Every structure is written in structure tokens, then in C-alpha cells.
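Bear in mind that the values in this text are calculations on the coordinates, not laboratory data. Being a predicted model, the structure only gives us computed values, none of them experimental. Here the Cβ positions follow ideal geometry from the backbone for every residue, glycine too, while neighbour counts run over all protein chains shown.
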Amino acid sequence: MKKQTKDFKEWCIKNNIETDLNITYLTKIKYGGRDRLRELVRIRDKHTCTKCKIKWVEGDRRFDVHQKIKTKDCLTLNDTDDMFTICHFCNFNLKENLDAMKNAIRKDKKVKNLST
Ligand SMILES: [Zn+2]
């Protein structure tokens with residue numbers, strides 16, 4: 001068994017996900033990387049916001065996945081422990097995002113001032 005397959009099987013067991021599908025079929029994302037891990041987190045959390053518990057409706061824009069630790073560039077299955085599904089509303093209201101937005105607005109103002 002390939003290492004990735006083995007890791008994924010172990011991940012499924014750890015997260016109580018019953019599937020015979022491989023990682024590609026389960027997530028419907030062919031190539032590895034951040035997006036696929038994010039989709040796995042959504043599947044693990046049953047497409048439910050971990051804050052307000054509303055459930056994602058198929059066809060709607062996918063819920064966000066929040067990552068507690070953002071320093072890493074290369075994520076692995078182990079990093080999903082620090083990731084959780086969050087709806088757009090709750091994500092918008094996360095303190096750190098509000099702060100980031102304030103900073104972005106400030107920067108934006110600065111740029112505008114320079115150009116006038
Ligand atoms: Zn929510």
C-alpha cells in the first residue's frame with residue numbers, strides 16, 4: 001500500500017469516517033495540497049459549521065476552513081487537527097479576520113491618499 005493511502009486510511013479511522021473510497025474519490029479533488037485537505041476537513045465536520053452548527057447545503061458556496069496555525073506552507077493530514085469548518089458568517093466574525101480586515105482597510109486608505 002502506498003504511504004499516502006495508508007496515512008489516509010489511518011486518518012479516516014481516527015476521524016470516524018467510514019469510506020471505501022480513496023482520498024481522490026472522496027474529495028473529488030485529484031491533486032493533493034491545501035484544497036484537498038480543506039475538503040477533507042469539511043467532510044470530517046460533516047459540512048457543518050463548528051461554531052454555529054448550521055449545515056452546508058449542497059449547491060451553496062462551500063464553507064470555509066479555518067486553520068488555527070497558519071505558519072506552515074506545506075500541510076499534511078496531521079494538520080487537519082488544527083483545522084475546522086466554519087460558515088461564512090462565523091468566519092467573517094472571527095476576531096482575527098475582523099482585525100485583518102481593519103488593517104486592509106487602513107492600507108487601502110493609505111494607497112488612496114497617495115494616489116490623490
Ligand atoms: Zn457558523
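A few comments on the model shown:
- Inclusion of Leu98 among residues that are of a type in the set (A, V, I, L, M, F, W, C), away from the ligand (no atom under 13 Å from the Cβ), buried (at least 18 other Cβ atoms within 10 Å of the Cβ) and not in a loop (DSSP other than H, G, I, E, B) is not warranted.
- Taking segment 42-62 as the range and being within 11 Å of the ligand (Cβ to nearest atom), more than 13 Å from the chain's Cα centre (by Cα) and assigned to a loop (DSSP other than H, G, I, E, B) as the test, the residues that pass are Lys51, Cys52, Lys53, Ile54, Trp56.
- Of the residues making up segment 78-94, those that are buried (at least 16 other Cβ atoms within 10 Å of the Cβ) and more than 8 Å from the ligand (Cβ to nearest atom) number 5.
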